[in-house]
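For reference, the structure discussed in these notes is given below.
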Ligand SMILES: [Zn+2]
Ligand SMILES: [Zn+2]
């Protein structure tokens with residue numbers, strides 16, 4: 001199997017050496033493994049670092065290239081180099097320059113903040129109490145739709161992230177997913193089953209099984225990522241993720257080689 005969503009300590013909120021992540025992937029018998037570090041323009045609170053600086057991102061790319069050589073030499077696994085592009089309105093120039101400066105295998109597009117609120121940050125949970133949950137989802141999905149204007153995204157990261165701590169609108173959020181669907185189809189974007197959500201208070205994958213079924217019916221393609229921030233998280237719950245995809249009638253998962261889609265039968 002494949003795991004395309006993994007971090008390195010260069011984002012300041014992950015631990016373990018990149019080589020240890022690769023070792024874990026090898027132990028699990030994954031056929032492809034990819035890192036997707038956060039982008040340097042990620043929104044951060046004053047005095048807090050949760051993303052690599054420009055210099056650290058350059059270091060990330062250097063480390064990745066030598067790791068790719070090592071893994072390719074061994075010949076037992078494909079190694080991919082990606083980026084988790086934080087979608088922030090106004091950062092388009094930086095994102096475009098980044099995409100042109102390096103030949104990534106894929107770009108994961110993610111929304112982690114709404115204005116100056118990082119809604120998935122555990123230290124800023126109290127903000128949820130002051131907000132209307134439905135409005136948060138409305139704004140989140142609106143921002144996600146804007147992300148497609150960049151035309152740089154191959155994979156939509158953790159599609160229903162606002163549910164992380166258990167906040168879900170009483171009326172659900174299917175209508176927002178439906179509003180995203182035409183853009184997903186038109187842009188040919190792939191949605192990741194991000195298995196990290198299973199270890200969060202919501203205790204389910206991003207997106208939820210209901211959303212996965214909805215998207216699968218519409219023919220949206222899927223990929224797989226653990227969003228590992230330490231080596232032991234690589235490939236977490238992948239058997240369940242594959243079972244869910246098969247249940248929804250999905251026949252292949254997508255990986256990327258220099259931003260070209262490659263389907264792997266499941
Ligand atoms: Zn993320
Ligand atoms: Zn991530």
Subject >> Fluctuation leader among 162, 40, 182 - the chain, Gaussian network, Cα springs under 10 angstrom >> reply: 182
Subject >> Whole-angstrom gap from region 76-114 to region 188-266, using each part's C-alpha centre >> reply: 19
Original post:
Given Cα pairs under 8 Å that are at least 6 residues apart, what percent is the relative contact order of region 142-266?
Top reply: 22
Original post:
Looking only at 76, 116, 154, which one moves most when the chain is put into a Gaussian network model with springs between Cα atoms under 10 Å?
Top reply: 116
Original post:
Taking springs between alpha-carbon atoms closer than 10 angstrom, which of 235, 219, 109 fluctuates most in the Gaussian network model of the chain?
Top reply: 219
Original post:
Taking only DSSP H segments of four or more residues, each worth -39500 (n - 2.57), what value at 222 nm results for the chain once the sum is divided by all its residues, to the nearest 500 deg cm²/dmol?
Top reply: -11000 deg cm²/dmol
**OP:** Just need the relative contact order of region 53-159 here, percent rounded to a whole number, with Cα pairs under 8 Å and 6+ apart.
**Re:** 28
**OP:** Can you bin region 209-266 into rounded, prolate or oblate? Criterion: square roots of the alpha carbon gyration tensor eigenvalues sorted a ≥ b ≥ c, rounded for a/c under 1.5, prolate for a/b above b/c, oblate for the rest.
**Re:** oblate
**OP:** Rank by packing, highest mean first: peptides 42-48, 9-15, 123-129, with packing defined as the count of other Cβ atoms within 10 Å averaged across residues.
**Re:** 9-15, 42-48, 123-129
**OP:** Take the Cα atoms of region 2-265, find their three principal axes, and give me the spread along each one in whole Å, biggest first.
**Re:** 52, 46, 32
Subject >> Mean separation of Cα contacts under 8 Å (6+ apart) over length of the chain, as relative contact order % >> reply: 21
Original post:
Which distance in nm do the two modelled labels at residue 138 and residue 92 give, with both placed 7 Å along the Cα-to-Cβ direction?
Top reply: 2.5
Original post:
At what distance in angstrom do the alpha carbon centres of region 7-38 and region 158-182 lie from each other?
Top reply: 28
Original post:
Hey, rough spin-label estimate for residue 181 and residue 59, points 7 angstrom out along Cα→Cβ, what's it come to in nanometres?
Top reply: 4.6
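Laboratory data are not the source of any read-out in this text; all were calculated from the coordinates shown. As the structure is a computational prediction, the values presented were derived from the model and not from experiment. When we count neighbours, we look across all protein chains shown, and the Cβ atoms used for this are built from the backbone with ideal geometry, even at glycine.
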